[in-house]
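Take a look at the structure below.
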Amino acid sequence: MSDLKEIFVNTQHCTGCLSCKLACAVQHSKNKDLFSALSQDPKPKSRLYVEWLWGNTKVPVLCRHCEDAPCVNACISGAITRAENNAVITNTDKCIGCWTCVMVCPYGVIGRDKDLKIAYRCDRCPDQDHPACVDACPTEALTYATVDKFSAEKRQAASREVAQGQGG
Amino acid sequence: MGRKYVIVGGSAAGMAAAHTIRKKDRNGNITVLSNEKAQPYFRPMIPYIINGKKRPDDIFLSGSGIFTQGGISVKTGFGAKSIDFQKKTVTTASGEAFLYDKILFSSGSTPYLPENIEGLDSEGVFSLKTLSDAQGMAKRSETATHVVMLGGGILNLKAAFALLEKKLSVTMVVYSPEVLSQLMDPKDAFPIRNALDNAGLNIITGISATQVLTDSSGVCGVALDNGSQIACQMVCVGKGVVPDTGFLNGNDIKIDKGIFSDPYTQTSIKDAYTAGDVAVAIDPVTGEKTVTSLWTHAVEMGICAGLNMTGSKTVYTGTLGIMNATQVADVPLVSMGIVHTKNSEYETHAKKTRLTYRKIVFSKDGTRLIGALFIGDIKNAGIYRYVIREKKNINGIKSHLINHTVHYGHFMQP
Amino acid sequence: MSLRNQFEEKTKDPAVQKMLGIASEQEIETVWDRYENMLPQCGFGETGLCCRHCLQGPCRINPFEEGQETGICGATADVMVARGLDRAIAAGTAAHSGHAKHLAHTLLKMATGEAKDYKITDAVKLNKVANRLGIAVDNREEKEIALDVARAALADFNEKETPVLWAAGVVTPGRVKVLSDLGLVPKGIDHEVSEIMHRTLYGVDADPVNLLLGGLRCGVADLAGCYMGTDLADILFGTPTPLASEANLGTLKPDHVNIALHGHNPVLSEIIVKVAQDMKDEAAKAGAAGINIVGICCTGNELMERHGIPSCTHSVSQEMALLTGAVDAMIVDYQCIMPSIASVAECMGSKIITTMDICKISGADHIAVKEETAAENAKQAISSAISIFQTRKNRNCRIPDITNKVIAGFSTESIIAALSKLDAQDPLKPLVDNIKAGNIRGVCLFAGCNNVKIPQDTNYIQMAERLLKENVLVLATGCGAGSLMRHDFLDPSKTKERCGEGLFAVLNAIGEANGLGGPLPPVLHLGSCVDNSRAVEITVALANYLGVDIDQLPVVASAPEATSEKAISIGCYAVAAGLPTHVGVMIPVTGSALVTSVLTEKVKELTGGYFIVDPDPQSAADKLISAIDERRKGLGL
């Protein structure tokens, strides 16, 4: 199995603080610090979303960098490619803002930059060991792990729950 | 010896198939026959050639997106002329013959030129389909000052804007009551129309051209069916396209509008497949056969055909007859599924704001989302496409769909 | 990375670095660990863009999100930030004035005979304050005057017909006019705090500039609280005069009963110092060589300036005192007391004794101290410390062998007294002459705290080094003074190497004239954080002497490592008074470009003062020096 990492979401841990969104925008700003990002024009964009469900579930939604990504197939300008770290990225120089990717993304995670008239999306922070959103998350609702490790941990957690259930 | 794959047509569907085959079959022999002189390119990008924003080098497929495989022989300037399904041979216009084990027909489409308009073969009349068309328009636009666009579809609009950016004056003659009539009801197009008017595009609707007028330097005007004439030095015809199936004339292959395709992209002939603009696909919403010239559809069907040709049996689930996204005059729009609701019994919900318009269309009984039109605010359009295409159960989220507040969280398992 | 370097990133105090090694070895969690665990900190909080003022919230405005420009109620980022800042100012004001109110009650009870453990120590100051308040002094009993002063003090908390006397009566006439014209004269200290709470409530003030002016008025009320605190403490416990002392963790003595007094108010600590004298025998019986009292934070400053009691450590390093294992009891009153000390004390077998009804800490012992029974309460606390000593005495203490020499105790009165040795008739003249001549380029007051975000003391050290070399006379209060004293800035033997020539000459002349056989220390210790009032008093005296207003003087202020909301309210009254005021920590206002620009630029047109927010100590020092030079130029110097 691949040792490439992915960002995993645990909605049960999400408090809706939006720190991930701030960190994402800052990481995608020129100087990469909050205070100068605030005065950047146009403002840097965050590339993930925290949605809300009735019952107060907070749902971080971000690009899954799909295996068979519809956006890659759909792109009419060749701007969307799969990078070495397995992330699906949009080359801002090639993007012409036709929004076909927005139309085909079933997660709704490709944004439309109204100022630059191009699409923006998660690039998994290629310059960083960890994506900024994961580092910013105070509750580990976002984690960065390989698929193997994440599913192993999930299995362990599940077995713990089972064990506790039996004990209690 | 590897299997021989021949692909007729080197655009989206053909090249997507070629790259898919290469991934699945490292030893196969892949030959793509393209009747164009240029190497394969992103066809929707050619308006940018007209205004010079892109050079041909910038828009070639090779190395971008899914087009990253090597070892594909692309023979440019090789239009297919005839097929012998018995001998499994395709012969080109230049007389060369290629044997195949599996063949793909992805020859695309050619512009539809209405017969009732005279003079469409004159110098200075264009129909934007190929890179060379775009280059011709770019050249002509150097000397022209006024252009008449016949037809108000997306491609013509993009061409019109490219020419406006080159400071030409542009008149668009549209037979329909409004531009973009394939993508929306005329009354839904007002935000686009406002933006187009503001951008300086002169639009005449409900009028048809009857004749292209010429002088020694080619086009000098257009005569209209209301008796008036417009002086111009250039005409661009954008009246739709027709599948390019000429090379199959005389063969016993099922063609109805386009080339018949079974659910596995195979034609009525064994070992012959089809994909893209030339192929007939099923619209999952209407269940009807459709022939559509959409890049995304061509790529996806091409990938599917490539898989089937290498033996990975894969169903092509079809495409929405209408599925288009673009930005015209700084206004983004997405139109998907059934969006023409005038005089229909569909349950429709329209919402107009100062800068945006949206229309959400449900089936008559209101249980299924079948179409959506977004103008100005296209957020989460992909979620709507997903719901339309996958016929998702909309229990509990219908109001979010109507109010444009739906998000991916609504589809998570509890 | 070596351990040593790792600790240098946390603190510049070598004693604290040593203790951090011990903490890490013993796996005891400190403020630095908790800070690292807290990272990343919430950007909405950092920028002031969150609001919990109503139950429809919490709201936060994402500055990077289009279409989300307001909170649920419609409050813009500007309003949200201004409201948040106002509440911080109100909290700071409430704290300083709460401290002053405590002293006023003590003075009142002393005057009525209810608090027998207290007396009037400085009758001269009592008369001075009474005169300022218009209270008759001639032929009256001291206690009668004190009673009137105490009542006047308590009256200043309410809204009443007169403005707050401790504000309107302590600044220049010009400043009174500026503040009156801007509507910035407080009507009552508590009234202003309460009005801030009102106007920042859900659905009240939504004009950011109006909110900021309200905050500034509350800041002026904070000046009153501070000034009153100083005045009343001086009356009850004496006005400081220069004296020698020591600082840092080396002041703890392994063979003594060590009592650390931590917090702010001298009301209890003064009594403990006195009672401890009488309990030497008990300590000896327990096997101790004596009772060693040390101070932490501003309680330390109060005791140091009046009695020369050593200061053990300050602010962010308060846990380190306990980590030595030598502190038997830490007796605390209120403000700046980290709740974490209870668990550190538990680890070290020490005891935290809380003493105030409004400040209890889970895990600490509580003795409810009343002014009426202060000595008795003090005795109980000291006994508790002695009994801890008995269980601790054979245990190994790890006290870093680091102490710093200190000369402290500069009040306005003692500075003028010292200057009068140069010119008895006109004591301010030598000071003013030296300012005019450029030997003193300007004056900078360092105030405020340490902040865990900044390697402890870094900004104080770098800025003070720079300013002293540039011949800026440096005054310090609170944990700012604490920081500088732990790096020898209060040691006269360092004056020559630290100061520029002109400044050294002045400090040396004053020292020699006062028979010190050498210069004054490089930095003058004015006392605790309420004693920032002393800096205001000196500045006002200079302005009045020159016949100008405060905003014309080459005087600046800096809180380079601010932590407490008290630092924000102090900053506000410094700005209201007309001083360029540096803050070395980002205050949570950057989410509003408007509020930021009002505080750092536009307010200058109103009061002459303004905030300089700059985390870089060198560039901050540059800015303060240019502010000083700009004002010198304005005065034609």
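The values are calculated or read from the model by the stated rules, or taken from the named source; none is laboratory data. Values in this document were obtained by computation on a predicted structure and should not be read as measured data. Here the Cβ is made from the backbone with ideal geometry for all residues, glycine too, and neighbour counts use every protein chain on show. Heads up: the accessible areas ignore ligands, DNA and RNA and are worked out on the full protein's heavy atoms, side chains in. Shrake-Rupley method; radii C 1.70, N 1.55, O 1.52, S 1.80 Å.
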Checklist outcome for this item: Reported set for the range C:260-313 where residues are surrounded by fewer than 24 Cβ atoms within 10 Å (Cβ to Cβ), within 22 Å of C:Lys119 (Cα to Cα) and acidic (Asp, Glu) is C:Asp278
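Which strands (runs of 3 or more DSSP E) sit wholly inside the range C:532-637 and have at least 1 residues that are over 27 Å from C:Gln335 (Cα atoms)?
Answer list for the range C:532-637: C:555-559.
From the list A:Ser29, A:Ser19, which residue is within 25 Å of B:Met412 (Cα to Cα), hydroxyl-bearing (Ser, Thr, Tyr) and surrounded by 16 or more Cβ atoms within 10 Å (Cβ to Cβ)? Break it down into steps so the answer makes sense when it comes.
Details: A:Ser29 fails: within 25 Å of B:Met412 (Cα to Cα).
Residue meeting the stated conditions: A:Ser19.
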Item to check | Qualifying position, being of a type in the set (A, V, I, L, M) and open to solvent by 30 Å² or more (accessible area, probe 1.4 Å), among C:Val171, C:Val176, C:Val164, C:Val129 | outcome: C:Val176
Checklist entry - Using beta carbons and a limit of 6 Å, which pairs, at least six apart or on different chains, have the first residue in the range C:489-516 and open to solvent by 40 Å² or more (accessible area, probe 1.4 Å) and the second one assigned to a helix (DSSP H, G or I) and among the small types (Gly, Ala, Ser)? => result C:Asn514/C:Ala418
Item to check | Output for the range B:22-70, where each listed residue is assigned to a strand (DSSP E or B), open to solvent by less than 30 Å² (accessible area, probe 1.4 Å) and within 12 Å of chain A (Cβ to nearest Cβ) | outcome: B:Tyr41
Checklist entry - Considering only residues of the range B:353-374 that are charged (D, E, K, R) and open to solvent by 60 Å² or more (accessible area, probe 1.4 Å), which is farthest from B:Lys391 (Cα to Cα)? => result B:Arg354
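For the range B:388-401, what are the residues that are in contact (Cβ under 8 Å) with a residue 24 or more places away in the chain, open to solvent by less than 40 Å² (accessible area, probe 1.4 Å) and more than 10 Å from chain A (Cβ to nearest Cβ)? Give the steps one after another, and end with the answer.
First, the residues of the range B:388-401 that are in contact (Cβ under 8 Å) with a residue 24 or more places away in the chain: B:388-389, B:391, B:394, B:398, B:401.
Now drop any that are not open to solvent by less than 40 Å² (accessible area, probe 1.4 Å), which leaves B:388-389, B:394, B:401.
Answer for the range B:388-401, where residues must be in contact (Cβ under 8 Å) with a residue 24 or more places away in the chain, open to solvent by less than 40 Å² (accessible area, probe 1.4 Å) and more than 10 Å from chain A (Cβ to nearest Cβ): B:Ile388, B:Ile394, B:Leu401.
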Checklist outcome for this item: Listed by first then second residue, the pairs whose first member lies in the range A:64-83 and is facing chain B (nearest Cβ under 8 Å), whose partner is of a type in the set (Ser, Thr, Tyr) and open to solvent by less than 20 Å² (accessible area, probe 1.4 Å), with beta carbons under 6 Å and at least 6 positions apart or on separate chains, are A:Ala74/A:Thr100; A:Ala74/B:Thr296; A:Ile76/A:Thr100; A:Gly78/B:Ser64
Next on the checklist: Given the criteria surrounded by fewer than 17 Cβ atoms within 10 Å (Cβ to Cβ), farther than 24 Å from B:Arg3 by Cα and of a type in the set (S, T, N, Q), does B:Thr145 qualify?
Outcome noted: yes
Checklist entry - Do you know which of the residues in the range A:48-63 that are open to solvent by 40 Å² or more (accessible area, probe 1.4 Å) and farther than 18 Å from B:His404 by Cα is farthest from the other protein chains (Cβ to nearest Cβ)? => result A:Asn56
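Test B:Ile375 against the criterion of being within 18 Å of A:Thr100 (Cα to Cα), within 14 Å of chain A (Cβ to nearest Cβ) and in contact with a Gly (Cβ under 7 Å, 6 or more places away or on another chain), and give yes or no.
On the way: within 18 Å of A:Thr100 (Cα to Cα): yes; within 14 Å of chain A (Cβ to nearest Cβ): yes; in contact with a Gly (Cβ under 7 Å, 6 or more places away or on another chain): no.
No: the conditions fail for B:Ile375.
Going by what's in this entry, would C:Pro240 be described as free of Cβ contacts under 8 Å to residues at least 40 places away in the same chain and open to solvent by less than 20 Å² (accessible area, probe 1.4 Å)? Before you say what the answer is, go through the steps one by one.
Values: free of Cβ contacts under 8 Å to residues at least 40 places away in the same chain: no; open to solvent by less than 20 Å² (accessible area, probe 1.4 Å): yes.
In short, no.
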Checklist entry - Can you find a residue in the range B:117-128 that is at positive phi and either in contact (Cβ under 8 Å) with a residue 12 or more places away in the chain or in contact with a Leu (Cβ under 6 Å, 6 or more places away or on another chain) (or both)? => result yes
Next on the checklist: Restricting to the range B:324-352, give me the number of residues that are within 13 Å of chain A (Cβ to nearest Cβ), more than 16 Å from the chain's Cα centre (by Cα) and either open to solvent by 50 Å² or more (accessible area, probe 1.4 Å) or small (Gly, Ala, Ser) (or both).
Outcome noted: 2
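Within the range B:289-306, track down each residue that is within 11 Å of chain A (Cβ to nearest Cβ) and not acidic (Asp, Glu).
Of all residues in the range B:289-306, those within 11 Å of chain A (Cβ to nearest Cβ) come to B:294-304.
B:Leu294, B:Trp295, B:Thr296, B:His297, B:Ala298, B:Val299, B:Met301, B:Gly302, B:Ile303, B:Cys304 - these are the residues of the range B:289-306 that are within 11 Å of chain A (Cβ to nearest Cβ) and not acidic (Asp, Glu).
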Checklist entry - Just wondering, is there one or more residues in the range B:377-387 that are part of a strand (DSSP E or B) and either in contact (Cβ under 8 Å) with a residue 24 or more places away in the chain or crowded, with 21+ Cβ neighbours inside 10 Å (or both)? => result no
Checklist entry - Taking the range B:205-221, which residues are in a strand (DSSP E or B) and farther than 21 Å from B:Lys166 by Cα? => result B:Thr205, B:Ala209, B:Thr210, B:Gln211, B:Val212, B:Leu213, B:Thr214, B:Asp215
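For the range C:1-103, which helices (runs of 4 or more DSSP H) that fit wholly inside it have 1 or more residues that are within 14 Å of chain A (Cβ to nearest Cβ) and either closer than 26 Å to C:Ser315 by Cβ or out of contact with any Lys or Arg (no Cβ under 8 Å at 6 or more places or on another chain) (or both)?
Values: elements: C:3-8, C:14-26, C:31-38, C:43-47.
Passing ranges, in order: C:31-38, C:43-47.
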Checklist entry - Do you know which residues across the range C:494-542 are farther than 30 Å from C:Asn265 by Cβ and in contact with a strand residue (DSSP E or B) (Cβ under 7 Å, 6 or more places away or on another chain)? => result C:Leu503
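Residue-wise test of (1) surrounded by 15 or more Cβ atoms within 10 Å (Cβ to Cβ); (2) over 30 Å from C:Arg486 (Cα atoms).
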{"residue": "C:Pro14", "(1), (2)": "yes, no"}
{"residue": "C:Gly21", "(1), (2)": "yes, no"}
{"residue": "C:Glu25", "(1), (2)": "no, no"}
{"residue": "C:Gly45", "(1), (2)": "yes, yes"}
{"residue": "C:Cys54", "(1), (2)": "yes, yes"}
{"residue": "C:Asn62", "(1), (2)": "yes, yes"}
{"residue": "C:Arg83", "(1), (2)": "yes, yes"}
{"residue": "C:Arg87", "(1), (2)": "yes, yes"}
{"residue": "C:Ala104", "(1), (2)": "yes, yes"}
Item to check | Filter result for the condition that a residue is in the same structural domain as B:Thr31 (by TED's automatic domain parsing) and of a type outside the set (Asp, Glu), over B:Leu248, B:Leu320, B:Leu224 | outcome: B:Leu248
Item to check | Test for A:Asp123: is it open to solvent by 40 Å² or more (accessible area, probe 1.4 Å), of a type outside the set (S, T, N, Q) and more than 7 Å from every other protein chain (Cβ to nearest Cβ) | outcome: no
Checklist entry - How many residues are over 18 Å from B:Thr296 (Cα atoms) and not aliphatic (A, V, I, L, M) if we restrict to the range B:1-57? => result 26
